[in-house]
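Visitor: Okay, here's the structure, questions in a sec.
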Amino acid sequence: MDQRPPLAERLRHYTAVTAACALTAVVVLYAVLCAKLADDTPSDAYGTGSPPRGFGILAASTVVGALAAAVLWWYVVRGRRHRSALGRAAAVALALVALGPGWLGFSWMRGPQMDLFGYQVPDGGALEKPLGSWAFEHSSGAVIRVRADGVTAYNGEGRHGGGFRAPDGGAVCAMSDDAPSGTGLVTLTTAESECGNSLVAVRTESGEKRWTKDIPKLVGKPSASGNLAVAATTDAVLAHDLDTGAELWRFPLPAGAVVSQVAAGPDRVLFLARTEGGSELSALDARTGSRSWQALLPDGYGAPGIVSASPAAAVADGRLLLFDETGRPRTDPEPPFHLGPDTARLVVGDVLYAAVPEREKRELLAAYSLKDGRRLWTRAFEGDWQVRAVAVGRNDRIAVVTQGAYTHLWHLDPGTGKPGGESTVLRDLPLGTSFALYGRTFVNLDAGGRLPPIFDVRPAFGW
């Protein structure tokens with residue numbers, strides 16, 4: 001009769017059995033995940049593609065784990081004289097528990113990821129491109145989406161929360177880029193006039209009209225800042241109280257001047273007009289509407305445009321132009337500078353964050369001081385060639401959506417451009433070519449109505 005092995009030897013044996021079972025279970029899990037990730041790898045024009053983040057370390061862990069499991073099973077088979085059905089059943093049960101830590105290890109390897117959470121069904125139909133969107137600053141997820149046929153509000157759960165339609169036979173012509181104090185501006189037209197003949201203040205909390213002013217011959221986008229609502233007509237620049245709609249002042253345009261853009265700031269209003277002499281930038285006092293200064297912008301590469309009203313900044317001839325309180329140009333040490341109408345950009349305080357090309361290979365995000373024009377920092381995104389969107393993110397960081405083989409969401413320190421941790425992979429989202437980002441809410445701004453107008457994302461827990 002065989003003598004029962006000592007307790008220490010039996011414990012070593014069952015520990016090895018448990019470790020072998022656990023490691024085998026994790027290796028099988030990782031092998032399946034490797035196959036899944038390899039199958040999900042997108043292909044480029046040459047039939048090859050970049051593997052998903054974490055694939056390399058996952059594959060290496062699978063190989064190393066398989067070798068270690070083989071060694072453990074060899075040790076177990078050598079000591080198979082130690083038999084106990086109960087002990088081995090317990091070892092198998094504990095091995096299955098190891099799948100939990102194994103999955104957590106896989107989650108760590110692939111890094112943070114997000115996928116689709118909730119969405120609005122597509123609008124459908126051959127619709128025109130939406131004009132833009134606003135977010136209600138005091139409510140997470142509440143946004144306004146503006147199209148030619150009306151204004152639609154979505155509450156914090158992404159459901160329709162209000163809005164209004166354009167007049168019969170008319171349209172929404174333009175909207176302000178910003179909505180300070182929860183109020184944005186749109187211009188409307190009726191069937192009997194060209195765009196536009198009404199200026200409307202819209203509550204971003206509900207999409208309801210706050211006030212409406214009939215103003216003939218409106219042109220371009222309106223602008224809002226503080227308590228000021230500014231718009232241009234064919235013969236004047238007008239300012240109204242953002243809360244009540246009362247007219248505050250009116251600046252008549254010189255003969256032949258055609259306004260292309262207005263921008264309101266806390267202490268000044270800028271407007272860009274085409275005159276006989278060329279593109280002219282004028283600054284008006286925000287309280288009185290009197291002209292403080294004017295400057296002729298150079299023509300050349302790209303159309304001139306206003307970047308910021310306060311500090312006063314514009315882009316013209318491929319250069320970022322800054323102006324002091326008297327309209328004199330500041331130093332411009334960073335030519336050339338391309339800021340097209342579709343360039344991803346954001347102005348926060350006296351800093352401009354904008355996507356800039358790097359030798360036609362990829363886009364970088366650069367931060368520029370609007371006080372002296374200095375480039376404060378530049379951030380490259382490895383493997384990503386396009387900056388899709390720039391927005392104010394959580395904890396006052398700069399949220400950046402980039403795209404290469406995959407779409408990533410970054411959160412950067414506004415002062416240094418350094419990432420606040422690893423980027424988040426955005427998985428299989430119904431993103432169009434044009435969109436806006438507010439926290440975890442995306443607003444599609446493509447034409448055609450084939451994509452969800454609005455959707456939310458959440459951390460991904462599946463593979």
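The values are calculated or read from the model by the stated rules, or taken from the named source; none is laboratory data. Predicted, not measured: the structure shown is a model, and the values here were computed from it. Neighbour counts run over all protein chains shown; Cβ positions are idealised from the backbone, glycine included. Each accessible area value is taken on the protein alone, full model and side chains, heavy atoms only, with ligands, DNA and RNA left out. Shrake-Rupley method; radii C 1.70, N 1.55, O 1.52, S 1.80 Å.
Visitor: Check Gly161 against each of (1) open to solvent by less than 60 Å² (accessible area, probe 1.4 Å); (2) more than 24 Å from the chain's Cα centre (by Cα) and name the one condition it does not meet.
Guide: (2)
Visitor: Among the residues of the range 269-313, which ones are of a type in the set (Asp, Glu) and either more than 19 Å from Thr233 (Cβ to Cβ) or not in a strand (DSSP E or B) (or both)? Quick ask: steps written out before the conclusion?
Guide: Restricting attention to the range 269-313, the residues satisfying the condition of being of a type in the set (Asp, Glu) are 276, 280, 285, 299.
Once the filter is applied, which keeps residues that are of a type in the set (Asp, Glu) and either more than 19 Å from Thr233 (Cβ to Cβ) or not in a strand (DSSP E or B) (or both), the range 269-313 yields Glu276, Asp285, Asp299.
Visitor: From Asp214, Asp177, Asp168, Asp235, grab the single residue that is acidic (Asp, Glu), within 22 Å of Val143 (Cα to Cα) and open to solvent by 70 Å² or more (accessible area, probe 1.4 Å). Steps first, please.
Guide: Working: Asp214 fails: within 22 Å of Val143 (Cα to Cα); Asp168 fails: within 22 Å of Val143 (Cα to Cα); Asp235 fails: within 22 Å of Val143 (Cα to Cα).
The match here is Asp177.
Visitor: Can you give me the number of residues within the range 250-265 that are in contact (Cβ under 8 Å) with a residue 24 or more places away in the chain and either buried (at least 19 other Cβ atoms within 10 Å of the Cβ) or under 20 Å from Ile306 (Cα atoms) (or both)?
Guide: Total meeting the criteria: 9.
Visitor: Would you tally the residues in the range 382-392 being at pLDDT below 85, closer than 21 Å to Phe442 by Cβ and open to solvent by 60 Å² or more (accessible area, probe 1.4 Å)?
Guide: Of the residues in that region, 1 qualify.
Visitor: Looking only at the range 115-134, decide whether some residue is open to solvent by 50 Å² or more (accessible area, probe 1.4 Å), over 30 Å from Ala148 (Cα atoms) and either modelled with pLDDT under 80 or of a type outside the set (A, V, I, L, M) (or both).
Guide: no
Visitor: Please find, within the range 405-463, the residue that is nearest to Gly100 (Cα to Cα) out of those that are of a type in the set (Asp, Glu) and open to solvent by 40 Å² or more (accessible area, probe 1.4 Å).
Guide: Glu422
Visitor: Gly207: in contact (Cβ under 8 Å) with a residue 60 or more places away in the chain, on the phi > 0 side of the Ramachandran plot and surrounded by 15 or more Cβ atoms within 10 Å (Cβ to Cβ), yes or no?
Guide: For Gly207, the condition - in contact (Cβ under 8 Å) with a residue 60 or more places away in the chain, on the phi > 0 side of the Ramachandran plot and surrounded by 15 or more Cβ atoms within 10 Å (Cβ to Cβ) - is met.
Visitor: Pairs, please: C-beta under 7 Å, at least 6 apart or cross-chain, first residue open to solvent by less than 20 Å² (accessible area, probe 1.4 Å) and in the range 283-307, second in a strand (DSSP E or B) and aromatic (Phe, Trp, Tyr)?
Guide: From residues that are open to solvent by less than 20 Å² (accessible area, probe 1.4 Å), the pairs are Ala283/Trp293; Leu284/Phe251; Gly289/Trp249; Gly289/Phe251; Ala295/Phe323.
Visitor: Regarding the range 314-335, can at least one residue be identified that is within 25 Å of Ser434 (Cα to Cα) and among the acidic types (Asp, Glu)?
Guide: Scanning the range 314-335 turns up no residue that is within 25 Å of Ser434 (Cα to Cα) and among the acidic types (Asp, Glu).
Visitor: Can you confirm whether Ser198 is closer than 14 Å to Lys213 by Cα, open to solvent by 10 Å² or more (accessible area, probe 1.4 Å) and either touching a strand residue (DSSP E or B) at 6+ places or on another chain (Cβ under 9 Å) or of a type in the set (Gly, Ala, Ser) (or both)? Step through it out loud before you land on a result.
Guide: Numbers: closer than 14 Å to Lys213 by Cα: yes; open to solvent by 10 Å² or more (accessible area, probe 1.4 Å): yes; either touching a strand residue (DSSP E or B) at 6+ places or on another chain (Cβ under 9 Å) or of a type in the set (Gly, Ala, Ser) (or both): yes.
Yes: the conditions hold for Ser198.
Visitor: Quick one: in the range 339-381, which of the residues that are in contact (Cβ under 8 Å) with a residue 60 or more places away in the chain and of a type in the set (A, V, I, L, M, F, W, C) is least open to solvent (accessible area, probe 1.4 Å)?
Guide: Among residues in the range 339-381 that are in contact (Cβ under 8 Å) with a residue 60 or more places away in the chain and of a type in the set (A, V, I, L, M, F, W, C), the one least open to solvent (accessible area, probe 1.4 Å) is Leu370.
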